[in-house]
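Contents: one structure, followed by commentary.
What follows is calculated from the coordinates using simple rules that are stated; it is not laboratory data. Keep in mind that this is a model prediction, so the values were computed, not measured. Every residue, glycine among them, receives a Cβ derived from its backbone with ideal geometry; neighbour counts consider all protein chains shown.
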Amino acid sequence: MLTENVNTYENVSVDHRIDLIRKFRNDLAIHFLEEQNLQFYFKEHFKLKLNTIRVEFIKKELYELLHSSVDLVHYATLLIEMKQAGTASLAGKNEDLFYDELNIIFRKYTH
């Protein structure tokens, strides 16, 4: 899901890095707003088929996530790595970090 941005900058601002993280997080949330993608993910990762009510609750939380600020604590390690590397890029190795944030929402609906 993550695409690699190979741009490297000497003095990339923290705000720019946060915006990049927000964009990838939001792109992933938008991906799961499509019910087919959400159902597939739940079937593969949680061995569940979601009913309509759960889908609507998850979508509501995903919409709220789209309008929320980035959890700086959750992404602190990534922000530090980006700063140390002097980049404004996200590599595929960081994809799990974005899924971890969404899985916090998803796990609420697995019981």
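The modelled label-to-label distance for the pair D96/V73, using points 7 Å beyond Cα in the direction of Cβ, is 2.1 nm. Straight-line cross-link partners of K60 among the aspartates and glutamates, defined as a Cα under 20 Å from its Cα and at least 8 positions apart when in the same chain: D27, E34, E35, D71, D100, E101.
When T87, T110 are ordered from fewest to most other Cβ atoms inside 10 Å of their Cβ, what list results? Could the numbers behind the result be given before it?
Values: T87 19, T110 13.
So the residues, fewest neighbours to most, are T110, T87.
Charging the Cβ of each Asp and Glu at -1 and of each Lys and Arg at +1, and nothing else, the dipole of region 14-107 about its Cα centre rounds to 180 debye.
Spacing of the modelled spin labels on K23 and N51, each 7 Å from Cα toward Cβ, amounts to 4.1 nm. Evaluating kT/(6 pi eta Rh) at 37 °C and 0.692 mPa s, with the Kirkwood radius of region 14-107 over Cα pairs in the Stokes-Einstein relation, gives 233 µm² s⁻¹. Label point of L66 set 7 angstrom out along Cα-Cβ; within region 30-55, amide nitrogens under 19 Å from it belong to 30-41, 53-55. Would you mind checking the tilt of helix 14-33 against the longest principal axis of the Cα atoms of the chain, expressed as 0 to 90 degrees and rounded to 10? It is inclined by approximately 20 degrees.
Could you give the angle, 0 to 90 degrees to the nearest 10, between helix 76-85's Cα long axis and the longest principal axis of the Cα atoms of the chain? For helix 76-85, the angle is close to 30 degrees.
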